[in-house]
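Undergrad: Have a look at this one.
The values are calculated or read from the model by the stated rules, or taken from the named source; none is laboratory data. Given the structure is predicted, the values throughout are model-derived calculations rather than measurements. Every residue, glycine among them, receives a Cβ derived from its backbone with ideal geometry; neighbour counts consider all protein chains shown.
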Amino acid sequence: MAGSTTAERGERQQEAAPGPPPVRRLKPPPPRTIIILTVALMLLGAGSVWVLYGSSWLRVERVSVSGTRVLTPAQVREAADITVGGPLISVDTDVIEARLRQKLPRIDVVEAVRSWPHGIGLKVTERTPVLLVQKGRNFIEVDDEGVRFATVSEAPKGVPALELTLSRPDSRAASLRRFGEDRLVKEAVRVAGAIPAAVARDTRTVKVRSYDDISLELSDGRIVAWGSGEKGAAKARTLTALMKASPGARHFDVSVPTAPASSGS
């Protein structure tokens with residue numbers, strides 16, 4: 001008996017192969033269920049709004065301050081002007097941060113954060129003075145960015161004074177026209193930041209005669225001719241070595257760090 005042909009076997013396999021499962025279409029929920037879900041969602045939303053804004057559960061009850069050194073927490077809280085008793089969710093932290101920086105220039109960085117369920121935290125970083133500019137009987141503090149941020153009646157210990165003592169009127173005018181006073185102050189700040197730690201502790205005054213003529217006056221009367229603020233690291237290394245090599249010298253010149261000089265008078 002002759003076997004089935006290839007075509008016949010293929011037809012039988014196709015007939016035996018299961019077809020794709022029938023598509024089961026989900027029935028839409030009845031209108032009553034939709035209405036119930038919609039009402040439930042609306043009630044949940046309204047309840048959330050009430051909890052955040054209307055209830056007494058999430059109200060501002062305390063304002064904490066951290067990171068202050070010269071400022072007091074009370075000064076920061078007063079400047080922040082946060083309404084105690086108001087909804088915590090409605091406190092605009094960006095506005096508070098901007099307000100604090102505007103009212104208290106001593107603040108360099110501030111972060112206002114919500115501390116659920118009842119607190120606002122103010123994390124403050126104050127500016128640190130690196131130079132002082134005397135103005136009458138007071139002193140203006142200058143930070144490491146050249147920002148004049150506060151006026152104090154008593155000079156902080158260990159902070160050198162800045163003197164803009166441009167030697168001749170024409171030199172002063174030329175330097176100010178070319179660089180501007182702010183640029184000269186920033187150059188002095190740049191120098192102050194490069195002074196070796198051992199020398200910085202003894203530095204009493206940073207004198208600026210021009211952009212490239214900046215000198216240091218130490219507490220014992222010794223003078224360091226620094227030059228401009230350029231190559232500060234190299235000048236610092238050279239000054240340290242020069243002072244060790246000539247401990248009795250009274251004048252040191254590192255304005256050209258590759259050709260330093262010292263003298264006894």
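Undergrad: Do you know which of the residues in the range 92-118 that are surrounded by 16 or more Cβ atoms within 10 Å (Cβ to Cβ), touching a strand residue (DSSP E or B) at 6+ places or on another chain (Cβ under 6 Å) and among the hydrophobic types (A, V, I, L, M, F, W, C) is nearest to residue 149 (Cα to Cα)?
TA: Among residues in the range 92-118 that are surrounded by 16 or more Cβ atoms within 10 Å (Cβ to Cβ), touching a strand residue (DSSP E or B) at 6+ places or on another chain (Cβ under 6 Å) and among the hydrophobic types (A, V, I, L, M, F, W, C), the one nearest to residue 149 (Cα to Cα) is 107.
Undergrad: Across the range 189-230, which residue is surrounded by the most Cβ atoms within 10 Å (Cβ to Cβ) among those that are β-branched (Val, Ile, Thr) and assigned to a helix (DSSP H, G or I)?
TA: In this case the residue turns out to be 191.
Undergrad: Right, here's the next one. Just to be sure I understand, how many residues within the range 121-136 are assigned to a strand (DSSP E or B), surrounded by 19 or more Cβ atoms within 10 Å (Cβ to Cβ) and not hydrophobic (A, V, I, L, M, F, W, C)?
TA: Looking only at that region, the number is 1.
Undergrad: For the range 137-159, which positions are surrounded by fewer than 16 Cβ atoms within 10 Å (Cβ to Cβ) and over 16 Å from the mean Cα position of the chain (by Cα)?
TA: Residues of the range 137-159 surrounded by fewer than 16 Cβ atoms within 10 Å (Cβ to Cβ): 137-138, 145, 151-158.
Once the filter is applied, which keeps residues that are surrounded by fewer than 16 Cβ atoms within 10 Å (Cβ to Cβ) and over 16 Å from the mean Cα position of the chain (by Cα), the range 137-159 yields 137, 138, 151, 152, 153, 154, 155, 156, 157, 158.
Undergrad: Under 8 Å by Cβ, and 6 or more places apart or on different chains, what pairs join a residue from the range 73-95 that is more than 16 Å from residue 123 (Cβ to Cβ) with one that is hydroxyl-bearing (Ser, Thr, Tyr) and part of a helix (DSSP H, G or I)?
TA: Cβ pairs passing all conditions: 87/53; 89/53; 90/53.
Undergrad: When you check residue 70 against the structure, is it in a strand (DSSP E or B), under 30 Å from residue 141 (Cα atoms) and touching a Lys or Arg at 6+ places or on another chain (Cβ under 8 Å), yes or no?
TA: No.
Undergrad: All but one of (1) over 32 Å from the mean Cα position of the chain (by Cα); (2) crowded, with 20+ Cβ neighbours inside 10 Å hold for residue 241; state the number of the condition that does not hold.
TA: Condition not satisfied by residue 241: (2).
Undergrad: Name the pairs whose Cβ atoms lie under 8 Å apart, with the first residue in the range 218-230 and aromatic (Phe, Trp, Tyr), the second surrounded by 16 or more Cβ atoms within 10 Å (Cβ to Cβ) and part of a loop (DSSP other than H, G, I, E, B), and 6 or more positions between them or separate chains?
TA: Here the result reads 226/254; 226/255, each pair linking the range 218-230 to a residue that is surrounded by 16 or more Cβ atoms within 10 Å (Cβ to Cβ) and part of a loop (DSSP other than H, G, I, E, B).
Undergrad: Another question, if that's okay. Looking only at the range 140-162, decide whether some residue is modelled with pLDDT of 90 or more and hydroxyl-bearing (Ser, Thr, Tyr).
TA: Yes, there is a match, as at least one residue in the range 140-162 is modelled with pLDDT of 90 or more and hydroxyl-bearing (Ser, Thr, Tyr).
Undergrad: Take the residues in the range 60-72 that are touching a residue at least 40 places away in the same chain (Cβ under 8 Å) and surrounded by fewer than 16 Cβ atoms within 10 Å (Cβ to Cβ), then tell me which one is farthest from residue 109 (Cα to Cα).
TA: Here the answer is 61.
Undergrad: Scan the range 80-113 residue by residue and report those that are among the hydroxyl-bearing types (Ser, Thr, Tyr) and under 27 Å from residue 152 (Cα atoms).
TA: Going residue by residue through the range 80-113, those that are among the hydroxyl-bearing types (Ser, Thr, Tyr) are 83, 90, 93.
Those that are among the hydroxyl-bearing types (Ser, Thr, Tyr) and under 27 Å from residue 152 (Cα atoms): none in the range 80-113.
Undergrad: Take the residues of the range 31-59 that are modelled with pLDDT under 55 and part of a loop (DSSP other than H, G, I, E, B): which is surrounded by the fewest Cβ atoms within 10 Å (Cβ to Cβ)?
TA: Checked the range 31-59; the qualifying residue surrounded by the fewest Cβ atoms within 10 Å (Cβ to Cβ) is 56.
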